[in-house]
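Student: A single structure is presented below for examination.
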Amino acid sequence: RDVTVVMDVSGSMSGEKIEQARSALRGLLGTLSAEDRFRLVAFSNQVRPQAEGWTAARGAGLQAARAWVDALVADGGTNIAGALDEAFRLESPEARLPVVIFLTDGLPSVGEQSPERLADRAQARSGRARVFAFGVGHDVNTHLLDRLSEAGRGTTEYVEPGENVERAVGLLAAKVRHPVLTDLELGGAPVRLTEIYPVRIPDVFAGDELVLFGRYQGEGTGPVTM
């Protein structure tokens, strides 16, 4: 896997939230295997990647990342546009599964602020990346985060005020640790299938259940091909 974690460190993340976010990042780094690569990106007014390129999840690279996480502080505005540009800046080879984890607790206040334009831009640049979004608290743009995860074949989770950010990110990190099936498409069926949802079928990770909704026309029995 190529795992990119994009963390909001704007002023509204100060206090308990930034402490939980740091703990969540440290825990996520602990779930990476030696074959994985990662990137860490923090954003407020400015976007600050921990390193310019991919870092192998072992040895000195992990140690440097943990020290960077420990030094994170919360201040400034919320530059979601810049953060998304940085999240999708690097591509992954076909042999690797790119995963983007995006966490924010606020509305965009720096740069582009239109949810529609932000979502369109991110969708155009996301490529093969699987996007998992976290919205912390009530002051988040749910439309933007839902669009991000839908375009990236991922999910969005909303963390209520007072809920533990570390626990939510930890559950996701455990889930995406073992990809089982990717790039799924619905093939032949004995009837005509219409209005299938989700439109882009998500990947299946170890322990997952895949549920599709839809309508069909016609009659007949036989296999449905995935």
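Student: For residues that are of a type in the set (Asp, Glu) and in a loop (DSSP other than H, G, I, E, B), scanning just the stretch 105-118, find the one that is most open to solvent (accessible area, probe 1.4 Å). I'd like the intermediate steps shown before the answer.
Tutor: Restricting attention to the stretch 105-118, the residues satisfying the condition of being of a type in the set (Asp, Glu) are 105, 112, 116.
Now restrict to residues that are in a loop (DSSP other than H, G, I, E, B): 105, 112.
Working: ASP105: 8, GLU112: 52 Å².
Of everything passing the filter in the stretch 105-118, GLU112 is most open to solvent (accessible area, probe 1.4 Å).
Student: Let me ask you something else. Step by step: first the residues of the stretch 14-51, then only those that are of a type in the set (Asp, Glu) and part of a helix (DSSP H, G or I), then the one that is most open to solvent (accessible area, probe 1.4 Å). Which residue is that?
Tutor: Restricting to residues being of a type in the set (Asp, Glu) and part of a helix (DSSP H, G or I), the top hit is GLU16.
Student: Please indicate, with yes or no, whether at least one residue in the stretch 52-65 is among the polar types (S, T, N, Q), open to solvent by 20 Å² or more (accessible area, probe 1.4 Å) and closer than 19 Å to VAL165 by Cβ.
Tutor: no
Student: Quick check on the stretch 78-93. Is at least one of its residues part of a loop (DSSP other than H, G, I, E, B), under 23 Å from THR182 (Cα atoms) and among the aromatic types (Phe, Trp, Tyr)?
Tutor: yes
Student: What number of residues within the stretch 91-104 satisfy the criterion of being open to solvent by 10 Å² or more (accessible area, probe 1.4 Å) and touching a Ser or Thr at 6+ places or on another chain (Cβ under 8 Å)?
Tutor: Qualifying residue count, the stretch 91-104: 2.
Student: Across the stretch 119-157, which residue is most open to solvent (accessible area, probe 1.4 Å) among those that are over 20 Å from ALA95 (Cα atoms) and among the small types (Gly, Ala, Ser)?
Tutor: Ranking the qualifying residues of the stretch 119-157, first place goes to ALA124.
Student: In the stretch 161-226, which strands (runs of 3 or more DSSP E) lie fully inside it and hold 1 or more residues that are charged (D, E, K, R) and loosely packed, with under 13 Cβ neighbours inside 10 Å?
Tutor: Hits in the stretch 161-226: 192-197, 213-217.
The values are calculated or read from the model by the stated rules, or taken from the named source; none is laboratory data. Remember, it's a predicted structure, so these values are computed and weren't measured experimentally. A quick note on method: Cβ atoms are made from the backbone with ideal geometry, for glycine too, and the neighbour counts reach across all protein chains shown. The area values use the complete protein model at the heavy-atom level, side chains included, leaving out ligands, DNA and RNA. Shrake-Rupley method; radii C 1.70, N 1.55, O 1.52, S 1.80 Å.
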